[in-house]
Amino acid sequence: MATRKLIFVTGAHRSGTTWVGQMMSLPTHIRNIHEPFNIDESRIHPLQYWFEYVSLDDPIEKQDAVYKYLNDLIQFNANGLAKELAMIRGPRDVLRFFKSAYERINKRPLIKDPLAIMSTEWIAKKFKADVVVMVRHPAAFVASIKVKRWKHSFSHFVEQEKLMKELAPFEKQIRAFAENPPDLIDQGILLWNIIYYKVTKLQSKYPKWIFVRHEDLSLNPVDEFRKIYKKVHLNFTNQTRKKILDSTTAKKSDRLKRDSKKNITTWKKRLTPQEIDRVKNGTHEIWEKFYTEKDW
């Protein structure tokens, strides 16, 4: 019998978690659950912050509330289905409801959520999950933030006292950014540092988890995904191989696909030379744990 063990895909936002989640959901027995830690989603949830931090040291009431929320999304149970039933507004919602019920019973759950990165350890322990953590070049991350014009409210870190202790090396800067937000380049630099500082701690503590660079997947998607599939006990079929190749060999006219190899260095066109230097210098202490000078 196929395992029902949760697969949890995380990393920084704009690091390829959506792509990886989609490619790992190609087997018909995988059910992709989208970003339960996204507080903009319409779900009823107990979460308050972007990058909410849940730990085993939290009050049991908080842990139970978050566990129940996630478990209701993962498992086939009356409470989870009741929530979806309450959201029915028309025929399409009815079909979605029955599809969800079927998948909860028959499929292995996969959660894709970069916004849950700070709670990865808690999720892995509570749900005994297989964990995949995406790493992306800091310049690529910042360039994507710049293009999307995505600002971040650093007060969401400040208001989480336990998380601020975890992020002690950045406390002064986080508080300053919360009071007076700088431009998007500096915001992106600090966000990348925060996220991958956390990832370095996880990598040191859990070396058997899967840590994969976006660039390695983009350069050699078939072989790299084959490795990931093997580690999480998914069957890598010839059809899977073809679909992965298809997703990484886009033409200019196809917005839904990517030319994965060209995508690696698009940051060199999106950032000015001065901005690249800012990112390189601002993230140096952490990027050298994942990249070399050749990657710049």
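Values in this text are rule-based calculations from the coordinates and carry no lab data. Bear in mind that the values here come from a model prediction, so they are computed numbers and not experimental data. In this analysis, Cβ positions are derived from the backbone assuming ideal geometry, glycine residues included, and neighbour counts consider all displayed protein chains.
Pop out the Kirkwood hydrodynamic radius of the chain from its pairwise C-alpha distances, inverse of mean 1/r, in Å to one decimal.
20.3 Å
Only loop residues by DSSP count here, and only those with at most 11 other Cβ atoms within 10 Å; note down the trypsin sites (Lys or Arg not before Pro) in the range 182-230 that meet that.
Passing both the DSSP loop test and the Cβ count: Lys208.
Return the long-range amide H neighbours of Gly11 (sequence gap of 5 or more, or a different chain), with a cut-off of under 5 Å between placed amide H atoms.
The answer is Ile117, Met134.
Take Thr28, Thr10, Thr266, Thr283 and order them by how many other Cβ atoms sit within 10 Å, fewest up front. Could the numbers behind the result be given before it?
Values: Thr28 8, Thr10 29, Thr266 15, Thr283 23.
So the ranking, lowest neighbour count to highest, is Thr28, Thr266, Thr283, Thr10.
Which of the GluC sites (Glu not before Pro) across the range 1-78 are loop residues per DSSP, with 16 or fewer other Cβ within 10 Å?
Glu41
For the chain, give the share of DSSP beta bridges that are antiparallel, in percent and rounded to the nearest 5; count only bridges with both residues there.
5 percent
Among Asp58, Asp183, rank each residue by its count of other Cβ atoms within 10 Å, from fewest to most, as a rough exposure measure.
So the ranking, lowest neighbour count to highest, is Asp183, Asp58.
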